[in-house]
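Data first, discussion second: the structure below is written as structure tokens.
The values are calculated or read from the model by the stated rules, or taken from the named source; none is laboratory data. The structure presented is a predicted model; accordingly, all values stated were derived computationally and were not measured. Note that each Cβ is placed from the backbone with ideal geometry, even for glycine, and that neighbours are counted across all protein chains shown.
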Amino acid sequence: MKIVIVGAGRVGYAIAEQLLTEGHDITVVESDPERAAYISSTLDVIVVEGRANVDQLRIANVADADLLIAATTSDETNLISCMVGRKLGATHTIARVRDEEYYQDVVLLQDELGLSLSINPERTSAKEISRTLRFPAATKVEPFANGLVELVEFKLREGSKLDGLRLNDFRGRYSDGILICAVEREGSVTIPNGDFVLAAGDYVTVVGAPHELHELFRKIGEFRHEAESVIIIGGGRIAERLALELARMHIHSTIIERDPARCRVMKTLLPEATIICADGTKPDVLREEGLPEADALVTLTESDETNLIISSFAYHEQVPKIVTKVDEDNFIELAESYGLTTIIQPADVTAGRIVEYVRWMQNSAHSSGVETLRMVADGQAEALEFIVRAESQFLDVPLKALKLKDSVLVASIIRRGKCRGRKPMYRYSMSAYPLTDDASMAAEQAKTTTYRIVPTALTITPISAPLPHECAFCG
């Protein structure tokens, strides 16, 4: 695809870097000369230096672009760039919109503005955090099929019941309805077969119905009840959106913010939250506001160092769930060395959602019925949810008879509003669970969640390659 990216800050750079590895033709428009020079020297992209006006967008050849992504720090620039881009001939446009009032207006007028997608980084980050607070044992949670199926990533701790377990033994001991679909170990992702042995430190991705996932975590001794009281350090935009998300989930939040003016604003905006005007870096303040009794702590200050220090203190105070916001990549390894496993990078979350949309566009062009696409296992795998149409060639075909590519797992099937979870059978034995149990699937359009998992060292089909035209997951 030919993609023009306007703005090469943290978000724009992350988008360009990811899409470049997937073989797209990238042009970046950047107004800052130093930043433009940096992009030119570090990424193999075309760089157009200057403001995103009509002339510069023409130089960027936006008329031939399949997609224009506006990701500057200015909402107005992003919206105007998208409108101009569409006028000049760009097929699709995506705008990053941070201001909450603007965002609500943009969502309402999205079609009139010619936008394919508008994304609010604060809302996106807040939703990501809220999902992990609903499932505290997880480092990442992705819902599919309106929440009937969930993909959950968690870190295997020392002494876990799963440490040293051979996957052939998993089904009999723990769960028939859960599929272990990916394991990330030392930066590499593996599609595990039955002989694979789990080890402490692995990031394990499982998929299943929510109640089955909760039962699994109970059996392995990792279950933690959904957070009921959350302390948030820092009162910025993400904290505001998170408090609103938590209120909808009937979870009480306490926000500690040192700026009196900001505290007054939040007291008006967030009547269901408790707002404390104090310095959240002081242990006495944290203890006085109930940190030892809290179910979770979320650090959202503007300082990575402050977030790490407070989170580390909470870890030693044995707070059950800790979410730490960091902006710089070099702090992630440091955070993990402190025992912190749930790290949120707002720029990467935003860039990730945009890259997912680009992949969704590709897959939708090649196969009908794609509903949702999510990147998993640190972006080395992707999950697709799609509808099996009445005209599909897969109807009434047993799963064992399908010619699945080695890099594909069918993880679950939704039929009549229920999750028909796959038995945890791996690539070598997909024969016992039929794709259809009667002939009526043609009439009811079953939803299927499938995973195209491509490990770094064992690549069969690169994740950047489009799915074949003839079907969503067959080779």
Apart from one, (1) in a loop (DSSP other than H, G, I, E, B); (2) touching a Phe, Trp or Tyr at 6+ places or on another chain (Cβ under 6 Å); (3) buried (at least 19 other Cβ atoms within 10 Å of the Cβ) all hold for Leu373; the odd one out is (1)
Flagged in region 128-157 as in a strand (DSSP E or B) and either of a type in the set (S, T, N, Q) or under 20 Å from Arg241 (Cβ atoms) (or both), in numbering order, are Lys140, Val141, Glu142, Pro143
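Residues are listed down the side, and each one gets a yes or a no for (1) of a type in the set (D, E, K, R); (2) within 24 Å of Gly208 (Cα to Cα); (3) surrounded by 18 or more Cβ atoms within 10 Å (Cβ to Cβ):
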site: Gln110; (1), (2), (3): no, no, no
site: Leu117; (1), (2), (3): no, no, yes
site: Pro121; (1), (2), (3): no, no, yes
site: Ala137; (1), (2), (3): no, yes, yes
site: Asn146; (1), (2), (3): no, yes, no
Going through region 78-95 in order, the residues found to be over 17 Å from Asp66 (Cα atoms) and in contact with an Asp or Glu (Cβ under 8 Å, 6 or more places away or on another chain) are none
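Listed here are the residues, each with its yes/no results for (1) small (Gly, Ala, Ser); (2) in contact with a Leu (Cβ under 9 Å, 6 or more places away or on another chain).
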position	(1), (2)
Thr274	no, no
Asp279	no, no
Gly290	yes, no
Glu305	no, no
Leu308	no, yes
Ser312	yes, yes
Glu317	no, yes
The strands (runs of 3 or more DSSP E) lying wholly within region 173-283 that contain at least 2 residues that are among the charged types (D, E, K, R) are 179-185
Worksheet entry | Residue check, Val197 modelled with pLDDT of 85 or more, among the β-branched types (Val, Ile, Thr), in contact with a strand residue (DSSP E or B) (Cβ under 7 Å, 6 or more places away or on another chain) and surrounded by fewer than 17 Cβ atoms within 10 Å (Cβ to Cβ) | yes
Taking region 108-132 and keeping residues within 20 Å of Val358 (Cα to Cα) and either more than 21 Å from the chain's Cα centre (by Cα) or of a type in the set (Lys, Arg) (or both) leaves Gln110, Asp111, Leu113, Gly114, Leu115, Arg123
Would you confirm whether any residue within region 207-218 is surrounded by 15 or more Cβ atoms within 10 Å (Cβ to Cβ), among the hydrophobic types (A, V, I, L, M, F, W, C), under 16 Å from Ala377 (Cβ atoms) and touching a residue at least 40 places away in the same chain (Cβ under 8 Å)? yes
Yes/no for Ala8 being of a type outside the set (Phe, Trp, Tyr) and surrounded by 23 or more Cβ atoms within 10 Å (Cβ to Cβ):
yes
Note: among Ala36, Ala71, Ala65, Ala14, just one is in contact with a strand residue (DSSP E or B) (Cβ under 8 Å, 6 or more places away or on another chain) and either among the aromatic types (Phe, Trp, Tyr) or closer than 23 Å to Pro346 by Cβ (or both), namely Ala71
Picked from region 319-333 (must be free of Cβ contacts under 8 Å to residues at least 24 places away in the same chain and in a loop (DSSP other than H, G, I, E, B)), the residue surrounded by the fewest Cβ atoms within 10 Å (Cβ to Cβ) is Asp329
Among Val107, Val84, Val97, the single one that is free of Cβ contacts under 8 Å to residues at least 60 places away in the same chain, within 19 Å of Val349 (Cα to Cα) and of a type in the set (Val, Ile, Thr) is Val97
Taking region 395-416 and the residues there that are out of contact with any helix residue (DSSP H, G or I) (no Cβ under 9 Å at 6 or more places or on another chain) and part of a loop (DSSP other than H, G, I, E, B), the one that is modelled with the lowest pLDDT would be Ser407
- [ ] Within region 288-302, identify whether any single residue is more than 30 Å from the chain's Cα centre (by Cα), surrounded by fewer than 17 Cβ atoms within 10 Å (Cβ to Cβ) and not charged (D, E, K, R), and answer yes or no.
- [x] yes
Thr268 being surrounded by 15 or more Cβ atoms within 10 Å (Cβ to Cβ) and out of contact with any Cys (no Cβ under 7 Å at 6 or more places or on another chain): no
